[in-house]
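The values are calculated or read from the model by the stated rules, or taken from the named source; none is laboratory data. This is a predicted model, so every value here is computed, not measured. Here the Cβ is made from the backbone with ideal geometry for all residues, glycine too, and neighbour counts use every protein chain on show.
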Amino acid sequence: MQIIYLDVEDDIVSIGDRLSWVETSPVVLVVPEGADLLLEPLDLVRLRRYADRQRLELGLVTADGRITAPAKGVGIPVFRTIDQAESSRRGWWRGKRRRERVGEPTRLDPADRAEIQRRLTPQLSWRQWLWRYASLLIFFLTLAILFIGVAYTVPQAVITLRPERQRVEISRQIVADPQLATINFSGASAPGRQLATTVEWRAEVETTGTVEVADAPARGKVIFVNLIAQPVTVPAGSRVSASAGQTVVFQTLTPVEVAGVSGATAEADVVAIVPGPTGNVAVNQVNRVEGSLGLQLEVRNLEPFTGGGSRQARAVTVADQERLRAQTLQQLQALALAEMSARLTESEFLARDSVRVVRIVHETFSHFVGEQTERLTLEIRAGLQATAVDETQATGLIYEQLVTAVPPGFELLPDSLDFWAGQVRDVDAQGRVSFEMFGAAEAARQLDLERVLTAVAGQEIDLAMAYLYEQLPLRDYPTVTVWPNWFGRLPYLPARIQTVQR
């Protein structure tokens, strides 16, 4: 790129002469800041022609707004700096796209230019003036019609009405029958779904009965008498017994030696094997030696035995077993209820009283009635059944009756409908569940809106609201929103008035 710096004394002739010596392209002419160069309209045209004859790609570097626009008009690219000229190929391409016609040989004074234009403009005839005023009249009439049309059609209003309301409540006894396939409207019965499960549980309770329990063994002394003429040794633990109604067994505590003379005696301490008061025998009640020693010795107690005692201990009663069984069955029902509830659909509910035991798989108590123990345990496994009720089907039965209970001139509000199941009345052996079903809803007064909306269309807002409150059975004063609220009135078209009932 060749750069030519112009001087303030240069004119179009000297610039063209300098371009004639240029041999490389592109060429950039740098215009001095504040210089009055290339300001004549034809200067830029002649400069463009010099460049075309020389087949040069020509551009200007200047920030002078007086040169920039005319130069771009004749297709000469203009850059603010030399660096921009060297790097912006897009600026070269865009600057050459625009070409305009430049025909004034010299600059004219603005007043002279206006006079020339006035003299060259033909004068309008009366018909042209007539068409001009008619066009203006039609234009303003069209604007008026558009304004009136917009005033009629654009505004819209939303009136909030609060009709009189009454609450309607009814109840009805419903039967959920697992044997039914469809709703029986005449019999107020709905199909029920039977659920079954098997659960097991282990529980324990404290016993409430009492029994006598042996606490300490009886003790005493016996005399052994030798029946033969030989010495006899009675080892410790040898047993003797008394037959006083029932056999009571005692055993020696220490070994005893009986002399080898017929009729010789020896004394020994004994204790009852089984503790309790049965060991407290009277004098001469101990009379038998057990085992082989019974052929060599005989035995007697010369004094009564004492020390055998008993105490009161807790034991199992029939009431304990029944109480534990009832508690365990309740727990089984709770477990079955939780398991079955997880299998319900969103529209079903489970009648708690319908959960019943239908089969005992096994039942085991840890102790028998009368057995000594402080706690009684029961393990039980049972099969249970329950009836699931589809609330949607039951709702259909109650809704039919709710509709008939609506007073004349009122209509049910769908958003206010509420249904719920009450207490279970009965559950039979077949799983049929009789329960109370309740329904409630708000009933709103029916409004004749077409007549009153026609009457209030285009009326002042306050007057229209007062009229609506007087003519309609409302529980509260109506409110309105108008947009755009140009005239403080409701829309003139009833179709542009909407109502919302709450």
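Quick rundown of the values:
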quantity: Every residue from region 18-50 that is within 16 Å of residue 2 (Cα to Cα), among the aliphatic types (A, V, I, L, M) and modelled with pLDDT under 85; calculated: 19, 22
quantity: Residue among 406, 500, 389, 424 that alone is within 30 Å of residue 148 (Cβ to Cβ) and either assigned to a strand (DSSP E or B) or touching a residue at least 12 places away in the same chain (Cβ under 8 Å) (or both); calculated: 500
quantity: All positions within region 190-215 that are of a type in the set (S, T, N, Q) and more than 33 Å from the chain's Cα centre (by Cα); calculated: 207, 208, 210
quantity: Among (1) assigned to a loop (DSSP other than H, G, I, E, B); (2) on the phi < 0 side of the Ramachandran plot, the one test that residue 169 misses; calculated: (1)
quantity: Filter pass, residue 185 being outside the structural domain of residue 492 (by TED's automatic domain parsing), surrounded by fewer than 16 Cβ atoms within 10 Å (Cβ to Cβ) and hydrophobic (A, V, I, L, M, F, W, C); calculated: yes
quantity: Among (1) of a type outside the set (Val, Ile, Thr); (2) more than 19 Å from residue 307 (Cα to Cα); (3) out of contact with any Leu (no Cβ under 9 Å at 6 or more places or on another chain) - the single one residue 250 does not satisfy; calculated: (2)
quantity: Filter result (surrounded by fewer than 14 Cβ atoms within 10 Å (Cβ to Cβ) and either under 23 Å from residue 84 (Cβ atoms) or of a type in the set (Asp, Glu) (or both)) within region 12-31; calculated: 17, 23, 24, 25
quantity: Neighbours by Cβ (under 7 Å, 6+ apart or cross-chain): first from region 9-33, more than 12 Å from residue 50 (Cα to Cα); second hydroxyl-bearing (Ser, Thr, Tyr) and outside any helix (DSSP H, G or I); calculated: 30/5; 31/62
quantity: Extreme residue, surrounded by the most Cβ atoms within 10 Å (Cβ to Cβ), among residues of region 296-342 that are within 23 Å of residue 361 (Cβ to Cβ) and charged (D, E, K, R); calculated: 320
quantity: Residues (more than 42 Å from the chain's Cα centre (by Cα) and either of a type in the set (D, E, K, R) or under 28 Å from residue 396 (Cα atoms) (or both)) located in region 335-385; calculated: 363, 371, 374, 375
quantity: Selected residue (criterion: farthest from residue 429 (Cα to Cα)) from residues of region 172-188 that are touching a residue at least 60 places away in the same chain (Cβ under 8 Å) and in a loop (DSSP other than H, G, I, E, B); calculated: 185
quantity: Total residues in region 17-45, condition of a type outside the set (Gly, Ala, Ser) and within 17 Å of residue 57 (Cβ to Cβ); calculated: 12
quantity: Residue in region 361-369 that is under 30 Å from residue 434 (Cβ atoms) and in contact (Cβ under 8 Å) with a residue 60 or more places away in the chain present; calculated: yes
quantity: Subset of region 109-147 (residues that are closer than 30 Å to residue 40 by Cβ and either surrounded by 10 or more Cβ atoms within 10 Å (Cβ to Cβ) or modelled with pLDDT of 85 or more (or both)); calculated: 113, 114, 115, 116
quantity: Filtered residue count, region 275-295, keeping only those that are farther than 19 Å from residue 265 by Cβ, surrounded by fewer than 17 Cβ atoms within 10 Å (Cβ to Cβ) and among the polar types (S, T, N, Q); calculated: 1
quantity: Top-ranked residue in region 394-403 [being in contact with a strand residue (DSSP E or B) (Cβ under 7 Å, 6 or more places away or on another chain) and in contact (Cβ under 8 Å) with a residue 60 or more places away in the chain; ranked as farthest from residue 164 (Cα to Cα)]; calculated: 394
quantity: Of the criteria (1) over 37 Å from the mean Cα position of the chain (by Cα); (2) of a type outside the set (D, E, K, R); (3) surrounded by 14 or more Cβ atoms within 10 Å (Cβ to Cβ), which one residue 407 fails; calculated: (3)
quantity: Hits in region 457-497 - residues which are aromatic (Phe, Trp, Tyr), closer than 27 Å to residue 409 by Cβ and assigned to a loop (DSSP other than H, G, I, E, B); calculated: 477
quantity: Filtered residues of region 346-365 (kept if exposed (fewer than 11 other Cβ atoms within 10 Å of the Cβ) and not in a strand (DSSP E or B)); calculated: 346
quantity: Inter-residue pairs, beta-carbon under 7 Å, first within 17 Å of residue 4 (Cβ to Cβ) and in region 54-80, second among the charged types (D, E, K, R), 6+ apart; calculated: 76/48; 77/96; 78/72
